[in-house]
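Read the structure below first, then the notes.
The values are calculated or read from the model by the stated rules, or taken from the named source; none is laboratory data. Model, not experiment: these values are computed from the prediction. Quick reminder, even Gly has a Cβ in these numbers, built from the backbone with ideal geometry, and neighbours come from all protein chains shown.
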Amino acid sequence: MTSVHPKKHLGQHFLQDENIAVKICESLTGHKNYKQVLEIGPGTGVLTKYLFQTKQFQTTLIEIDRDAYGFLIEKYPEHQKEIMYGDFLQFDISSRFHEPVAIIGNFPYNISTQILFKVFENRDKIPEVVGMFQKEVAQRIASPPGSKQYGILSVLLQAFYDIEYLFTVSEHVFYPPPKIKSAVIRLRRNNVEALNCDEKLFVTVVKTAFNQRRKTLRNALSSFRSETLPLSEPVFSQRAEQLGVNDFVEITRMINGG
């Protein structure tokens, strides 16, 4: 059988603990009645084994590492049609899935935030995400306004998902062990179909505000100044990390002329 060695340039750390694998797989809830699941970067298939055993879902894999892809094809010959070779970041979700699909995985640290930006872009297609992240990233995504970890992805994802920090994972259950702890979080799509503002502008406002997070919004958003923007409003005296989704929606509306 094809041998698989973790590749540093792919950020691979293979999970070794079967109990944690089961716990991750059992964290999928079927929220909003999806049936399709996509595992990103299955590697040696420690999650895959339990996903294929779960008859509630139909699991598809996408793997960028040719060795790991070959290994999985050999290990699960009866699932060849469900095993894709490719890069999730370049993958057109709608080309393969014509119905909602959940995302699961022990995500490589070096692309985990890019995966989440792609989830945000495909939010109407993805009702649930269960993923392993670097602990700091997991805390950031799940953090409420007012915390130092709270940032761009926190706001964007919390606009459309309810987010739970599920559990912390020791570095010692991976091969090779990373230098930091990991954590598993769950994102479940809320009932917000659209924000009450220009959503593209909303994203730009959030990114601009957090790119100068030490400044008050009056200064951080100075590039949006116009005669109609009520900068005397109390909200502009605050910093980005103090504001929730609804505050950013309201600011976006103000910038856009109400």
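Hey, any hits in the stretch 136-151 for a residue that's touching a Lys or Arg at 6+ places or on another chain (Cβ under 6 Å) and not in a loop (DSSP other than H, G, I, E, B)?
Here is the first cut: in the stretch 136-151, the residues touching a Lys or Arg at 6+ places or on another chain (Cβ under 6 Å) are 149, 151.
Then drop every residue that is not not in a loop (DSSP other than H, G, I, E, B), which leaves none.
So far as the stretch 136-151 goes, no, none of its residues is touching a Lys or Arg at 6+ places or on another chain (Cβ under 6 Å) and not in a loop (DSSP other than H, G, I, E, B).
Among what's in the stretch 223-240 and is at pLDDT 90 or above and either in contact with a Ser or Thr (Cβ under 7 Å, 6 or more places away or on another chain) or among the aromatic types (Phe, Trp, Tyr) (or both), pick the residue that is surrounded by the fewest Cβ atoms within 10 Å (Cβ to Cβ).
Taking the candidates together, the pick is SER237.
Which residues, taken from the stretch 15-30, are buried (at least 17 other Cβ atoms within 10 Å of the Cβ) and modelled with pLDDT under 95? Give the derivation first.
Residues of the stretch 15-30 that are buried (at least 17 other Cβ atoms within 10 Å of the Cβ), as a first pass: 15, 20-21, 24-25, 27-28.
Answer for the stretch 15-30, where residues must be buried (at least 17 other Cβ atoms within 10 Å of the Cβ) and modelled with pLDDT under 95: just LEU15.
Which of the residues spanning the stretch 223-246 are in contact (Cβ under 8 Å) with a residue 40 or more places away in the chain and not aliphatic (A, V, I, L, M)?
Passing the criteria: GLU241, GLN242, GLY244.
Mind telling me which of the residues ALA220, ALA194, ALA209 ends up being of a type in the set (A, V, I, L, M), without any contact (Cβ under 8 Å) to a residue 24 or more places away in the chain, outside the structural domain of PHE117 (by TED's automatic domain parsing) and surrounded by 13 or more Cβ atoms within 10 Å (Cβ to Cβ)?
Working: ALA194 fails: surrounded by 13 or more Cβ atoms within 10 Å (Cβ to Cβ); ALA209 fails: without any contact (Cβ under 8 Å) to a residue 24 or more places away in the chain.
Only one candidate passes the filter, namely ALA220.
Without any contact (Cβ under 8 Å) to a residue 24 or more places away in the chain and hydrophobic (A, V, I, L, M, F, W, C): does that describe LEU15? Walk me through how you get there before you give the answer.
Numbers: without any contact (Cβ under 8 Å) to a residue 24 or more places away in the chain: no; hydrophobic (A, V, I, L, M, F, W, C): yes.
The answer is no for LEU15.
Within the stretch 98-121, track down each residue that is more than 9 Å from the chain's Cα centre (by Cα), farther than 22 Å from LYS49 by Cβ and in contact (Cβ under 8 Å) with a residue 40 or more places away in the chain.
Passing the criteria: GLU99, PRO100, TYR109, ASN110, ILE111.
Restricting to helices (runs of 4 or more DSSP H) lying wholly in the stretch 31-117: which have 2 or more residues that are surrounded by 18 or more Cβ atoms within 10 Å (Cβ to Cβ) and not polar (S, T, N, Q)? Before the answer, list the steps.
Details: elements: 48-53, 66-75, 93-96.
Helices (runs of 4 or more DSSP H) meeting the threshold: 48-53, 66-75.
Determine, yes or no, whether ILE180 is in contact with a strand residue (DSSP E or B) (Cβ under 8 Å, 6 or more places away or on another chain), surrounded by fewer than 20 Cβ atoms within 10 Å (Cβ to Cβ) and either assigned to a loop (DSSP other than H, G, I, E, B) or β-branched (Val, Ile, Thr) (or both). Walk me through it before giving the result.
Numbers: in contact with a strand residue (DSSP E or B) (Cβ under 8 Å, 6 or more places away or on another chain): yes; surrounded by fewer than 20 Cβ atoms within 10 Å (Cβ to Cβ): yes; either assigned to a loop (DSSP other than H, G, I, E, B) or β-branched (Val, Ile, Thr) (or both): yes.
Considered against the rule, which asks whether it is in contact with a strand residue (DSSP E or B) (Cβ under 8 Å, 6 or more places away or on another chain), surrounded by fewer than 20 Cβ atoms within 10 Å (Cβ to Cβ) and either assigned to a loop (DSSP other than H, G, I, E, B) or β-branched (Val, Ile, Thr) (or both), ILE180 comes out as yes.
Please verify whether GLU78 is of a type outside the set (A, V, I, L, M), in contact with a Gly (Cβ under 7 Å, 6 or more places away or on another chain) and modelled with pLDDT of 95 or more, treating the condition exactly as stated. Break it down into steps so the answer makes sense when it comes.
Numbers: of a type outside the set (A, V, I, L, M): yes; in contact with a Gly (Cβ under 7 Å, 6 or more places away or on another chain): no; modelled with pLDDT of 95 or more: yes.
Judged against the criteria, GLU78 is not a match.
Are any residues in the stretch 135-164 hydrophobic (A, V, I, L, M, F, W, C) and farther than 18 Å from LEU195 by Cβ, and if so, which ones?
As a first pass, look at the stretch 135-164 and keep what is hydrophobic (A, V, I, L, M, F, W, C): 137-138, 141-142, 152-153, 155-157, 159-160, 163.
Correct list: VAL137, ALA138, ILE141, ALA142.
State whether one or more residues within the stretch 188-200 are aliphatic (A, V, I, L, M) and part of a helix (DSSP H, G or I).
Filtering the stretch 188-200 for residues aliphatic (A, V, I, L, M) gives 192, 194-195.
Checking which are part of a helix (DSSP H, G or I) leaves us with none.
No: zero hits.
Before we move on, is ASP162 in a strand (DSSP E or B) and surrounded by fewer than 22 Cβ atoms within 10 Å (Cβ to Cβ)? Working first, answer last.
On the way: in a strand (DSSP E or B): yes; surrounded by fewer than 22 Cβ atoms within 10 Å (Cβ to Cβ): yes.
Against the criterion (in a strand (DSSP E or B) and surrounded by fewer than 22 Cβ atoms within 10 Å (Cβ to Cβ)), ASP162 qualifies.
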